[in-house]
Amino acid sequence: MAGRAAEIRGLRMQRSSGRRTAPAVAAVLVVAALAVGCRPVTVTGAGAPDSKGVRYAPTTPAPPPLGRYTPPARHATKPRPAHTPHPARTPRPLMAPGSRGAQVRELQARLAQLGLFGRTPTGYYGSVTTTAVRAFQRRQGLPRTGTVQPATWRALRKQTRRPSQTHLHPPTTQPIGVPDPRCMRGRVICISKRSNTLAWVVDGRVVSAMDVRFGSQYTPTREGTFHITFKSRHHLSTLYHTAMPYAMFFSGGQAVHYSADFAAHGYRGASHGCVNVRNKKALAPLFNTVRPGTKVVIYR
């Protein structure tokens, strides 16, 4: 009996020792975790003994599947446009169609010296001036823009002389024609139907000039050599009932006189056979100078 009792006490001590072992192991794990700075882990589930005292190997989470690294998405940005170089800038022209002023008048006078501008300077850059500039540029091998660039202006000034005041401000809108040989001696009123000009010529020298117009095909102005018969400063036509200021008669009822209609409408009209002058200020001094008997030559 004594032996049986001793065996029972031994079994009880063994079971008691087993129950104290599990808590001790857990305590050791907690202390170890705190020592390395980790959070305490409760030993439960896999790896802990079940109700039957059987331990299982802890389950390790599966690693993520292998694949290409995908960077985090960025905000979408608009593609930058390709750099486009600025086109070469054309120098601003000194003069172009529509320009006005003294420089345009000088341009026209210089082109006239080269035979490229067949009119008197007006100071307005129109189609005739554009054509003349293109002709000069073609002659010089320059771009035919029809506008006056610095290179065109330099070349033109180099080939021409500075225009005189008479060339810049001529008395007529058309160049004065070559005087008829009958106009080269004495004091003559020399009238050209070709250039529509009247020139007061003294011993072969042109003293003054002005624009004129003539009669229509039904009332033509006579041609030939005539002489002033009489003058009338404030003449009034008894036939047409029109004013004829500064009238100088040379052939019957035909006379040289100022015409307000010519001054207002230009060459769109015509006279009844007289020689119309549109510049009253230019005609007045001539009227005061001319005497009866002065020669008049009208030619083509």
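Points worth noting:
- Residue in region 135-145 that is modelled with pLDDT of 95 or more, hydroxyl-bearing (Ser, Thr, Tyr) and either in contact with a Phe, Trp or Tyr (Cβ under 8 Å, 6 or more places away or on another chain) or surrounded by 17 or more Cβ atoms within 10 Å (Cβ to Cβ) (or both) present: no
- Hits in region 257-292 (condition: part of a helix (DSSP H, G or I) and crowded, with 18+ Cβ neighbours inside 10 Å): Phe262, Ala282, Leu283, Leu286, Phe287
- Region 187-222, subset polar (S, T, N, Q) and without any contact (Cβ under 8 Å) to a residue 60 or more places away in the chain, residue nearest to Lys280 (Cα to Cα): Thr197
- Evaluation of Gln254 against (1) touching a strand residue (DSSP E or B) at 6+ places or on another chain (Cβ under 7 Å); (2) farther than 22 Å from Pro170 by Cα; (3) surrounded by 18 or more Cβ atoms within 10 Å (Cβ to Cβ) (one fails), failing number: (1)
- Test: residue in region 207-214 that is loosely packed, with under 15 Cβ neighbours inside 10 Å, in a loop (DSSP other than H, G, I, E, B) and in the same structural domain as Arg291 (by TED's automatic domain parsing): no
The values are calculated or read from the model by the stated rules, or taken from the named source; none is laboratory data. Everything quoted here is computed from the prediction, not taken from an experiment. Backbone-built Cβ (ideal geometry, glycine too); neighbour counts: all protein chains shown.
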